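Below is one structure; the comments refer to it alone.
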Amino acid sequence: GYAPTHMLEGWHGKILGAILGFVIGRGWLGAIVGFVLGHQFDAAGKRNRSGSASGKVAADPADLRRTFFEATFQVMGHVAKSDGLVTEQEIDAARGAMRRFSLAETDRLRAIECFTAGKLADFPLEATLERLRRLAGNQPDLCRLFVQIQLEASIQGNGLGDRPRAVFQRICRSLGVSQLEFASLEAMLRMH
């Protein structure tokens, strides 16, 4: 009943990272970051086994978790504000995301602050996303997950008009998510 070693290779670090991240990092946000760090661990192990060492150092888990958290709610606020006034539906969608992250009260208040900061006209969208991408080590899984969280909130909020779509193009460009990946994510989320 055991899976062959080659099927498990590449998943040990991800699974352990997700479990540890969940325990240490308060719920799903920690699990997400733990999964990414586990992936970095797997990738480093694979590089070491193949003999080519990389000088790249994995991001500090606390820094990555904080950046992912802040960027999630800042960008959510930015997308919500992009088509004018932020509606009650969009605020409810952000609250739903907060519930899914199982946030403690202090983190929930911080998420609200981030959402409000993202609504400001001078919010530095590209700089925020570039920092996230850099800390995530250009992990495409984490970048797609970030876009998925934003897209889900947007669909549950006011939907996707022209202005929010333009913001999503900037988000995808900054995180290296293709338009095809975005379209498939949108189709998947709309089916649910």
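Label zone of residue 179 (point 7 Å out along Cα→Cβ, amide N under 19 Å): in the stretch 112-145 this covers 144. For the stretch 112-172, carbon and sulfur atoms together expose 49% of the accessible surface, with a 1.4 angstrom probe and every protein chain in place. Could you grab the relative contact order for the stretch 76-192? Cα pairs under 8 Å, six or more apart, rounded to a whole percent. Rounded, it is 40 percent for the stretch 76-192. Across the alpha-carbon set of the stretch 141-192, the Rg to Rh ratio works out to 0.92, Rh being the Kirkwood radius.
Express the accessible area of the stretch 121-192 per residue in Å², computed with a 1.4 Å probe while the remaining protein chains stay in the model. Could the numbers behind the result be given before it?
Numbers: 3720 Å² over 72 residues.
On a per-residue basis, the stretch 121-192 sits at 52 Å².
The values are calculated or read from the model by the stated rules, or taken from the named source; none is laboratory data. None of these values were measured; they are calculated from a predicted model. A quick note on method: Cβ atoms are made from the backbone with ideal geometry, for glycine too, and the neighbour counts reach across all protein chains shown. Only protein heavy atoms, including side chains, enter the accessible area calculation; ligands, DNA and RNA are left aside. Shrake-Rupley method; radii C 1.70, N 1.55, O 1.52, S 1.80 Å.
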